[in-house]
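Following: one structure in structure tokens, then a few remarks.
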Amino acid sequence: MSSYSGNVETGGAPDVRNLPGLRITKLSVGPMDNNAYLLECLSNEDLLLIDAANEAPRLLELVGDRALSTVVTTHQHMDHWVALEEVVAATGARALAHPDDAEGLPISTSPVVDGDRIPIGDCELEVIHLVGHTPGSIALVYRDPKGTPHLFTGDSLFPGGVGNTHDDPEAFASLIGDIETKLFGALPDETWFYPGHGKDSTLGAERPSVPEWRARGW
């Protein structure tokens, strides 16, 4: 049985989860306790990084002498891309982001939009556009053919609530609506999700609280 907990600390060791076809390595980088996720297709060792948030040397150490093909940035906030330019320069990886957030990033990125598929060797991630935390925030879902879905939510969904919409009622309404329809309405309770900061959870654990989140307005 896997010992993965998803509990990592800035400056501490990564946590690793081995699925039948995909390895997920979660690392916390400082100074804002950002989670970066290195995904490896086990059939051919293709690598993809979700959020080159900071501490490029630690991220590059995770990659090692293997080939990193892709870096996906979940949204335009600076704490999620401080290491992006350095990681891409060192590895030659292509950089992907939603076009609505691309202007906020330090390097040119190729666009990904809702419903796009991003390959990791023989595995793939599906892009889910979630408007509200930023205009171009995305989540990424891996539909494990031998298990449950695995969802990388950036700063759009955390244990306990949706991402910060800065007291903007329109942005909150958009985000909670997208979360309800595109995540809770489309994926099963056993879906494990991995946020941009802090601990993981499952959609089933959070689902009963969604009406409370909508009522409180944050």
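For residues that are touching a Gly at 6+ places or on another chain (Cβ under 8 Å) and acidic (D, E), scanning just the stretch 124-163, find the one that is surrounded by the most Cβ atoms within 10 Å (Cβ to Cβ). Result: D155.
So that you can scan it fast, the table gives a plain yes or no per residue for (1) in contact with a Leu (Cβ under 6 Å, 6 or more places away or on another chain); (2) closer than 25 Å to S156 by Cα:
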position	(1), (2)
P14	yes, yes
G30	no, yes
N35	no, yes
L62	yes, no
G104	no, yes
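Conditions tested, residue by residue: (1) crowded, with 17+ Cβ neighbours inside 10 Å; (2) assigned to a helix (DSSP H, G or I).
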residue	(1), (2)
T165	yes, no
E170	no, yes
S174	yes, yes
G177	no, yes
A186	no, no
K199	no, no
E206	yes, yes
R214	no, yes
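Would you check if I128 is in a helix (DSSP H, G or I) and in contact with a Lys or Arg (Cβ under 8 Å, 6 or more places away or on another chain)? Before you say what the answer is, go through the steps one by one.
Working: in a helix (DSSP H, G or I): no; in contact with a Lys or Arg (Cβ under 8 Å, 6 or more places away or on another chain): yes.
No: the conditions fail for I128.
If the condition is being out of contact with any strand residue (DSSP E or B) (no Cβ under 9 Å at 6 or more places or on another chain) and of a type in the set (S, T, Y), then the stretch 165-218 contributes T165, S174, T181. The strands (runs of 3 or more DSSP E) found wholly in the stretch 18-123 and carrying at least 2 residues that are surrounded by 14 or more Cβ atoms within 10 Å (Cβ to Cβ), within 15 Å of the chain's Cα centre (by Cα) and small (G, A, S) occupy 94-97. Taken over the stretch 89-106, the criterion of being more than 20 Å from A67 (Cα to Cα) and in contact with a helix residue (DSSP H, G or I) (Cβ under 6 Å, 6 or more places away or on another chain) is satisfied by P106 alone.
Throughout, read-outs are computed from the coordinates displayed, never taken from laboratory work. It should be emphasised that the depicted structure is a prediction, and the values quoted were computed from it without experimental measurement. Here the Cβ is made from the backbone with ideal geometry for all residues, glycine too, and neighbour counts use every protein chain on show.
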